[in-house]
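Enquirer: Here it is: the structure, laid out below.
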C-alpha cells in the first residue's frame, strides 16, 4: 500500500535561517498527528514508493529526490516558483 504524507513544516540545522533542512514535519494520517521525519528517512520512503507533498498558497506539489555533489536531498517538483517551496513552510523546533 502506497503511503502519502503532507509536509506541513521544516526543521533547519541548528535553527539556521538558511537552506539546511534536516527534518520535515509531516501530518501522519495513520496516527492523526504531526511528527518530525529526517530527510534521510523521507528519501528512503520515496525510493520505496511512498510519496510526500506540500500544499502552499493553493498549490500542491510532490517532493522528489535531488542530488548535488553526490549528496541526496529532497526538493519539490518544479512549479514555476523561483523560491523553494519547502523554505516557504513554517519552521518548527522540536525538543
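Enquirer: Evaluate the following for residue 49: is it surrounded by 12 or more Cβ atoms within 10 Å (Cβ to Cβ) and either touching a helix residue (DSSP H, G or I) at 6+ places or on another chain (Cβ under 7 Å) or at pLDDT below 95 (or both)?
Expert: Details: surrounded by 12 or more Cβ atoms within 10 Å (Cβ to Cβ): no; either touching a helix residue (DSSP H, G or I) at 6+ places or on another chain (Cβ under 7 Å) or at pLDDT below 95 (or both): yes.
No: the conditions fail for residue 49.
Enquirer: Filter the range 52-61 down to residues that are more than 9 Å from the chain's Cα centre (by Cα) and either at negative phi or surrounded by 13 or more Cβ atoms within 10 Å (Cβ to Cβ) (or both), then give me how many there are.
Expert: 5
Enquirer: Okay, moving on. Tell me which residues, restricted to the range 56-68, are farther than 21 Å from residue 40 by Cα and at pLDDT 85 or above.
Expert: Within the range 56-68, just 60 meets the criteria.
The values are calculated or read from the model by the stated rules, or taken from the named source; none is laboratory data. All values derive from a computational prediction rather than experimental measurement. As a convention, Cβ positions derive from the backbone with ideal geometry for all residues, glycine included, and neighbour counts pool all protein chains shown.
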